[in-house]
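Following: one structure in C-alpha cells, then a few remarks.
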Amino acid sequence: MFKGSIVAIVTPFKKGKVDEKALCNLIEWHIKQGTNAIVPCGTTG
C-alpha cells in the first residue's frame, strides 16, 4: 500500500521541447518538500 504524498508531476516545456533543467528542479523541489513518490506520465485531472 502506498502512503504519503504521491504527485503526478507536470512536464515543463520550452520552445516545444522538454525543459530538462526545469524538470530536474521540479523533482528536486519535491524531494526537499518530502514528497514520497513522483508519478511521471500520470494525469492531473
Of all residues in the range 1-22 being free of Cβ contacts under 8 Å to residues at least 24 places away in the same chain and among the hydrophobic types (A, V, I, L, M, F, W, C), which is surrounded by the fewest Cβ atoms within 10 Å (Cβ to Cβ)? 1
Does at least one position in the range 23-36 carry a residue that is outside any helix (DSSP H, G or I), touching a residue at least 12 places away in the same chain (Cβ under 8 Å), touching a Phe, Trp or Tyr at 6+ places or on another chain (Cβ under 9 Å) and surrounded by 11 or more Cβ atoms within 10 Å (Cβ to Cβ)? yes
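Here, each number is a calculation from the coordinates, and none is a lab measurement. This one's a predicted model, so the numbers in the text were calculated from it and none came from an experiment. We place every Cβ from the backbone using ideal geometry, glycine too, and count neighbours over all the protein chains shown.
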